[in-house]
Structures are given as C-alpha cells and as structure tokens.
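Shown next, in structure tokens, is the structure this report addresses.
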Amino acid sequence: MDSDLPLFPDQASTLAPQVDGLFFFILAVTVFFTALIFVLVLVFAVKYRRKPDRQEGAKVRATLWLEVVWIGIPLGLCLVMFLWGARIYFSQQRPPSDALDVYVVARQWMWKLQHAEGPSEINELHVPIGRPIRLTMASQDVIHSFFVPAFRIKMDVVPGRYSTAWFQPTRTGEYHLFCAEYCGTKHSGMTGRVVVMEMADYERWLSGGTSGAGLAAAGERLFLGLGCATCHTSDSQARGPSLDNLFGKTVTLRDGRAVEADDAYVRESILDPAAKVVAGFEPLMPSYRAQLNEEDVIKLLAYLKTLKTGAETRSVK
Ligand code: CUA
C-alpha cells in the first residue's frame, strides 16, 4: 500500500480481474457509442445543413433492416452485460464452504474484526493469501459500508442484521479499507488496512496473538452468566430446544416453516426470540437485545458452534 491513492487500485483478489473485465467492456462500449454519436451529429449537421437550393428536407422512409439492426445491436450488448454481471454477482454472493470466518462489527467510527480462530483486531485485518475469507458483518449503530478497493468488494453493514461478503486474496501486501457510507462526522476517518500474508507468516501472526479458544470461552462465560443453560438442555422436558450440533441443521418452526440454522438465524433467535419459534416449544424466551451487543452475540455464536454431541456429525453447508 502506498500512502497515495492510486487512480486505479491494485488487483489483489480473485474477484478483481472479473470485475475489471466487465468494467472495461462497459467502458469501451460506452466510449465507442458516445464517440460515434458525437461524430455523426457533427457530420450530419454539416452535410444536411440548410442551403439556398434545399429549403425543404427530403422525405425519409423507415427501413426495416436498419430498425432491426439498431434495436438488435444494443439489445445484444445489454444482454451480454447483464449475463456477464449476473455471473460475477452469483459467484460473489456464494462463499466457498472452506472459507475462513471473520466477524466484522462496525460502529462510529471504527472497525472491529474478529477472527473465528480467536484474535480480534481494530481497523486492521490480517489474512493469508490464497484462502477464501468470509465476512459476517453487523453494525452497532448506523449504516456503514465495508469497502476494499483492491479486492473490489463493497458491502453495506446495516444495523439489525448480518451482511455477508467474501474475498480470496491473490497478492500479499497492505490494502486500504474504507467505510463507503456516510455515517457521521468522522466517517472519513473510519479507515483501516487489510494485510495479506503468506500462510506461514499468517500462522506465526496468529500464534503471536491471543489463544484460539478465547472467543468461544468468552461466549461460554456469557452463556452461563445469562442462565441460557437453565432452559436449553438436551433433556426431553427442556423448555428450550437443545443447542447441540445446531449449526447447519434445518430447523422446523411452529408455523411449519423450515429454516437453516446459520449465523443470521441464531443471532435473530437471541435478540428477537419470538420471530422464529422452534416446533414443539412455547415462545417463552425473553429478548436479550438489552443485555448483548453485536460483539457479545459473536462470542455466543463461537461458543454455540463448539456444542456437539459425540454421535452426530455436523453437516457442512
Ligand atoms: Cu462508517 Cu462511514
């Protein structure tokens, strides 16, 4: 990362060349037609200007082939842009299942980045090269937007829900992280950097930080402190559903719907338990919105992911 802001950012993720390819295609089409129209306006203005012997214009007849051509070419070009864009959009919306998880909490005016393996960082994110990284992002206050130009990712972080994004870095180095949504007086200072490292360096960096069990351990303290275990037990008389092997499971609700137990579902069930009540249970659970902030919820998610019974294996998304 240079201290200057280059006109065109580095290509440092698998997404970057795809986005740039489409961008330059659209740019080329736009420049070509803009130039064509300007030249024709000038040529026609000279060629068909009013002359003493030509006061009245000649009658023009519609020509079928001409109409077909100038409807067909723009239609074809737009469809190419649409299909090309849709392909990139879909691959960008679906993180690979072997992605490393990083939780992002945005607030006025900082980024808190929490690795699933343990360490957390402020306004800095260290990641290994060549591995997909999945971001699960929440906001503590207003709308922010996670923007790393070199990776060509920009995703709004909206209060009250999780936003997700993913990227796979292809070059080591340091890259700008910006907030790309006006979020108050110090919005322009809500910046940071993403450091892409070789795997060996990354592992060294990981081991130098806090221990990997830190996040789940903090979650367990919350779980016990809030008394979650009084209702969520594995026994059949329990007032709340068992939380063992929860993640990745399909859960049947009281109203007959089936939902997948992912981060967003579990977060909602902690903060707004009445929204999706599991079949066979009463809506008894109070909301923990007042007691927990987004970081606490992430700690609880980390702890809940460690709850497994021996017999069953966790299904992988
Ligand atoms: Cu956060 Cu702008």
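The values are calculated or read from the model by the stated rules, or taken from the named source; none is laboratory data. None of the values given here were measured: they were computed from a predicted structure. Reconstructed Cβ throughout: ideal geometry from the backbone, glycine too, with neighbour counts over all protein chains shown. Areas reflect the complete protein model, heavy atoms only, side chains present, ligands, DNA and RNA absent. Shrake-Rupley method; radii C 1.70, N 1.55, O 1.52, S 1.80 Å.
Would you mind classifying the stretch 183-244 by shape? Square roots of the alpha carbon gyration tensor eigenvalues, ordered a ≥ b ≥ c; an a/c under 1.5 is rounded, otherwise it is prolate if a/b is larger than b/c and oblate if not. Oblate shape, in that a/c is at least 1.5 and b/c is the bigger or equal ratio. Once the other residues with Cβ under 10 Å from the Cβ of Val148 are scored (Lys, Arg +1; Asp, Glu -1), what is the net sum? So the environment of Val148 carries a net charge of +3.
For the chain, pairs of C-alpha atoms spaced more than 24 angstrom apart make up 65 percent of the total. Summary value for the stretch 248-310: 27 percent relative contact order, contacts being C-alpha pairs under 8 angstrom separated by 6+ residues. Rounded to whole numbers, the Karplus 3J(HN,Hα) couplings from phi for the stretch 94-104 are 10, x, x, 6, 8, 5, 7, 8, 10, 9, 10 Hz, using 6.51 cos²θ - 1.76 cosθ + 1.60 with θ = phi - 60°, and x at Gly and Pro. Note on the stretch 19-109: Cα-Cα pairs beyond 22 Å make up 61% of the total pair count. Each Cα pair under 8 Å and six or more residues apart adds its separation to the average, and for the chain the resulting relative contact order is 15 percent.
Surface calculation, 1.4 Å probe, protein heavy atoms: Thr170 sits at approximately 70 Å² accessible. With the convex hull of the Cα atoms taken as the outline of the stretch 130-202, the averaged projected area works out to 4.9 nm². Partner lysines whose Cα lies under 28 Å from the Cα of Lys249, excluding those fewer than 8 positions away in the same chain, are identified as Lys276, Lys299, Lys305, Lys308, Lys317. Going by accessible surface with a 1.4 Å probe and the largest first, Arg289, Arg107 read Arg289, Arg107. Heavy-atom accessible surface of the chain, averaged per residue, reaches 59 Å², computed with a 1.4 Å probe.
Within the assembled protein chains, the solvent-accessible surface assigned to Val142 is about 50 Å², based on a 1.4 Å probe. Sorting the segments 93-101, 216-224 by their residues' average number of neighbouring beta-carbon atoms within 10 angstrom, most packed first, yields 216-224, 93-101. Across the stretch 227-240, rounded Karplus estimates of 3J(HN,Hα) from the backbone phi angles (6.51 cos²θ - 1.76 cosθ + 1.60, θ = phi - 60°) give x, 4, 6, 5, 9, 8, 10, 7, 7, 6, 8, 4, 7, x Hz, Gly and Pro being marked x. In the neighborhood of Ala238, defined by Cβ-to-Cβ distances under 12 Å, what is the net charge if each Lys or Arg adds +1 and each Asp or Glu adds -1? Around Ala238, the charge tally is -2.
Remark: the Arg221-Ala264 segment gains 13.3 nm on full extension, using 0.36 nm per residue and subtracting the alpha carbon distance. Proximity of backbone amide H atoms, modeled 1.01 Å from N, is registered between Val157 and His144, Ser145, Phe146 at under 5 Å, excluding neighbours fewer than 5 places apart on the same chain.
Taking all protein chains together and rolling a 1.4 Å probe, Phe281 ends up with roughly 50 Å² accessible.
Given a Förster distance of 30 Å, report the FRET efficiency between Glu282 and Lys308 from their Cβ-Cβ distance, rounded to the nearest 0.05. Efficiency at R0 = 30 Å is approximately 0.70.
Only Cα sites of the stretch 79-200 enter the Debye sum here, all with the same form factor; the resulting log10 I(q)/I(0) across q = 0.12 1/Å is -0.43, listed in q order.
Our helix-only sum for the chain, with -39,500 (n - 2.57) per DSSP H run of n ≥ 4 divided by its residues, gives a mean residue ellipticity at 222 nm of -11000 deg cm²/dmol. Screening the chain for whole DSSP H helices with an alpha carbon extent of at least 20 angstrom along the helix axis and a mean Kyte-Doolittle hydropathy of at least 0.5 yields 15-47, 64-93.
Computed in the context of the full set of protein chains, the accessible area of the stretch 126-236 at 1.4 Å probe radius has 55% of its extent on carbon or sulfur. Each 5 Å bin, from zero up to the one with the longest distance, holds this percent of the alpha carbon pairs of the stretch 1-53: 4, 14, 13, 13, 11, 10, 8, 7, 6, 5, 4, 2, 1, 0.
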